[in-house]
Amino acid sequence: MSGLVGLHHVQLTSPVGSEEASRWFYGTVLGLPEVAKPALLAGRGGAWFRSPHVELHLGVEEDFRPARKAHPGLLVEDLVGFARHIESHGVSVEWDDSFPGFRRCYVADPHGNRVELLEPLSEPAG
């Protein structure tokens, strides 16, 4: 039987007209390069971001409500250093040590969406 083979992207929503704020947070603060949306979808607004390991889509919603519980969990190298970088942009970092095997924290994008950042405490045995 064929089955799931991976995750293509995660989509979050944002308010109408919020593309510049999304570009600042996901592009400048988190360092994800923006990619052009396909022409067929570009008229809907929003923005897409992609690195070799992560793809996030920000879609525009008329009746926007931030995702404060549902969230992407993004793996990070040097989470402490990355958190300092995030804070240097004026973004608050909330640390949480309740996930065994990981150092983790949460940040909120400019729209109030929760984003979890995680770093394994040790490499898995190979």
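The values are calculated or read from the model by the stated rules, or taken from the named source; none is laboratory data. Just so you know, these numbers come straight off a predicted model, no measurement behind them. Glycine also receives a Cβ, built like all others from the backbone with ideal geometry; neighbour counts cover every protein chain displayed.
Residues that are at pLDDT 95 or above and in contact with a His (Cβ under 8 Å, 6 or more places away or on another chain): find the helices (runs of 4 or more DSSP H) completely inside the stretch 1-116 holding 1 or more of those.
Numbers: elements: 19-22, 39-42, 79-88.
In the stretch 1-116, 19-22 are the helices (runs of 4 or more DSSP H) which contain 1 or more residues that are at pLDDT 95 or above and in contact with a His (Cβ under 8 Å, 6 or more places away or on another chain).
Could you please let me know if residue 40 is exposed (fewer than 10 other Cβ atoms within 10 Å of the Cβ) and of a type outside the set (Val, Ile, Thr)? Steps first, answer last, please.
Details: exposed (fewer than 10 other Cβ atoms within 10 Å of the Cβ): yes; of a type outside the set (Val, Ile, Thr): yes.
Yes.
Could you go through the stretch 68-77 and let me know if any residue there is out of contact with any strand residue (DSSP E or B) (no Cβ under 6 Å at 6 or more places or on another chain) and within 21 Å of residue 8 (Cβ to Cβ). Write out each step before concluding.
Filtering the stretch 68-77 for residues out of contact with any strand residue (DSSP E or B) (no Cβ under 6 Å at 6 or more places or on another chain) gives 69-70, 77.
When the remaining residues are screened for being within 21 Å of residue 8 (Cβ to Cβ), the result is 70.
Among the residues of the stretch 68-77, at least one is out of contact with any strand residue (DSSP E or B) (no Cβ under 6 Å at 6 or more places or on another chain) and within 21 Å of residue 8 (Cβ to Cβ), which makes the answer yes.
Select from the stretch 55-82 the residues that are among the aliphatic types (A, V, I, L, M) and over 17 Å from residue 32 (Cβ atoms) and list them in ascending order.
From the stretch 55-82, those among the aliphatic types (A, V, I, L, M) are 56, 58, 60, 67, 70, 74-76, 79-80; that's our starting set.
Those that are among the aliphatic types (A, V, I, L, M) and over 17 Å from residue 32 (Cβ atoms): 60, 67, 70, 80.
Answer yes or no as to whether residue 71 is in contact (Cβ under 8 Å) with a residue 40 or more places away in the chain and under 20 Å from residue 105 (Cβ atoms).
Details: in contact (Cβ under 8 Å) with a residue 40 or more places away in the chain: yes; under 20 Å from residue 105 (Cβ atoms): yes.
Yes.
Go through the stretch 50-64 and count every residue that is free of Cβ contacts under 8 Å to residues at least 12 places away in the same chain and closer than 21 Å to residue 17 by Cβ. Talk me through it step by step, then tell me what you get.
Applying the first criterion (free of Cβ contacts under 8 Å to residues at least 12 places away in the same chain) to the stretch 50-64 yields 52, 63.
Those still in the list that are closer than 21 Å to residue 17 by Cβ too: 63.
Residues flagged as free of Cβ contacts under 8 Å to residues at least 12 places away in the same chain and closer than 21 Å to residue 17 by Cβ within the stretch 50-64 amount to 1.
Determine which member of the set 93, 29 is in contact with a helix residue (DSSP H, G or I) (Cβ under 9 Å, 6 or more places away or on another chain), under 23 Å from residue 121 (Cβ atoms) and not charged (D, E, K, R).
Working: 29 fails: under 23 Å from residue 121 (Cβ atoms).
Among 93, 29, only 93 is in contact with a helix residue (DSSP H, G or I) (Cβ under 9 Å, 6 or more places away or on another chain), under 23 Å from residue 121 (Cβ atoms) and not charged (D, E, K, R).
Any residue that is closer than 22 Å to residue 9 by Cα and among the polar types (S, T, N, Q) - is there at least one of those in the stretch 108-118?
Yes, the stretch 108-118 contains a residue that is closer than 22 Å to residue 9 by Cα and among the polar types (S, T, N, Q).
So the check is Cβ under 7 Å with 6+ separation or different chains; which pairs have a first residue in the stretch 38-49 that's farther than 17 Å from residue 62 by Cβ and a second one that's at pLDDT below 95 and not in a loop (DSSP other than H, G, I, E, B)?
none
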